[in-house]
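Structure record follows, encoded as structure tokens.
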Amino acid sequence: MSEKRKKDIQRIKELESINLATDDIRDDVVQTKMKVKEDNELLARQNNEELKEHKIKSVDIVGAIGAGKTALIEKIVEILSEKYRILVICGDITTRLDADRIQAHNAESIQINTGRECALNAYHIHKIIENKDLDDYDLLFIENVGNLICPSEFTLGTDTRITVVSTTEGEWVIEKHPMLFKMSQVAVINKIDLAERLGTNVQKMLKDAKEINPDIEVITTSAKTGKNIDKLIDILEL
């Protein structure tokens, strides 16, 4: 067997789900997928315009399950709740566990349960916006469904996107999931308090984030100890 053939077998090319479609419907599947993306982008722009019109600063927070998104929001809300009127939208497959945790820190929280959908989209946010009096808020946080892949499909219309990873996910997590880092303004490496115990190479994680997106702001944090939460708030200009 040739070396080229061996490499072809060892690394199979990425296949999109459209390849599961039969030939007679594949074009329709592609066109539908493109139209959904276009419609989402249009609605995301409308969301952003409406939030800006009401002078609401907005932040979308994405990351895998267990990265510490909810804990970071808890810490931030705890500090900012006296300064801002805060609304937090939480996305999860089911339950409102995260929303209840956040609401205990003086921020109104709304839970969106997505069922089989693995990420929030602009329509989810639009439905909240059109049913709330936006004059009641100064700041919006959106905690996306725990996932490092699906949220890259949909922008929501926020001013800023933060991608959160943690030292417990290993030092290769950023390198293996570049898309969200390309689409984000801020990268947070959380659970820095566990890095030494786990032997995680944090410098590699910092380097990978900047190589993927030279313009991204990268910060290490510990939601547990509160380390650098104040610096994250400064980066967000809050």
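Values computed for the structure shown
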| item | result |
| --- | --- |
| Flag if LYS6 is assigned to a helix (DSSP H, G or I), modelled with pLDDT under 85, closer than 30 Å to GLU143 by Cβ and more than 20 Å from the chain's Cα centre (by Cα) | no |
| The range 184-209, residues that are crowded, with 16+ Cβ neighbours inside 10 Å and out of contact with any strand residue (DSSP E or B) (no Cβ under 6 Å at 6 or more places or on another chain) | ALA195, THR200, ASP208 |
| Every residue from the range 83-103 that is surrounded by fewer than 20 Cβ atoms within 10 Å (Cβ to Cβ), out of contact with any helix residue (DSSP H, G or I) (no Cβ under 8 Å at 6 or more places or on another chain) and either β-branched (Val, Ile, Thr) or more than 12 Å from LEU238 (Cα to Cα) (or both) | ILE93, THR94, THR95, ARG96, LEU97, ASP100, GLN103 |
| Enumeration of residues in the range 47-79 that are under 30 Å from THR168 (Cβ atoms) and acidic (Asp, Glu) | ASP60, GLU74, GLU78 |
| Meets criteria (closer than 30 Å to LYS52 by Cβ and within 10 Å of the chain's Cα centre (by Cα)) for PRO178 | no |
| Residue match in the range 213-235 (condition: surrounded by 15 or more Cβ atoms within 10 Å (Cβ to Cβ), assigned to a helix (DSSP H, G or I) and among the small types (Gly, Ala, Ser)) | no |
| Qualifying residue in the range 78-93 (condition: of a type outside the set (Gly, Ala, Ser), touching a His at 6+ places or on another chain (Cβ under 9 Å) and part of a helix (DSSP H, G or I)) | yes |
| Any hit, the range 106-121, residues being over 27 Å from ILE189 (Cβ atoms), at pLDDT below 95 and small (Gly, Ala, Ser) | yes |
| Wholly within the range 107-172, strands (runs of 3 or more DSSP E) carrying at least 3 residues that are crowded, with 21+ Cβ neighbours inside 10 Å | 139-143, 160-166 |
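So that you can scan it fast, the table gives a plain yes or no per residue for (1) at pLDDT 95 or above; (2) closer than 30 Å to SER222 by Cβ:
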| residue | (1), (2) |
| --- | --- |
| LEU20 | no, no |
| VAL30 | no, no |
| LYS52 | yes, no |
| ILE79 | yes, yes |
| GLY91 | yes, yes |
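Okay, residues lined up against (1) among the polar types (S, T, N, Q); (2) farther than 23 Å from THR114 by Cβ; (3) out of contact with any His (no Cβ under 6 Å at 6 or more places or on another chain):
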residue: GLY146; (1), (2), (3): no, no, yes
residue: VAL164; (1), (2), (3): no, no, yes
residue: ILE189; (1), (2), (3): no, yes, yes
residue: ASN201; (1), (2), (3): yes, yes, yes
residue: ASN213; (1), (2), (3): yes, yes, yes
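The values are calculated or read from the model by the stated rules, or taken from the named source; none is laboratory data. Predicted model only: the values in this text are computed from it and were never measured. Positions of Cβ are backbone-derived with ideal geometry, glycine not excepted, and every protein chain shown enters the neighbour counts.
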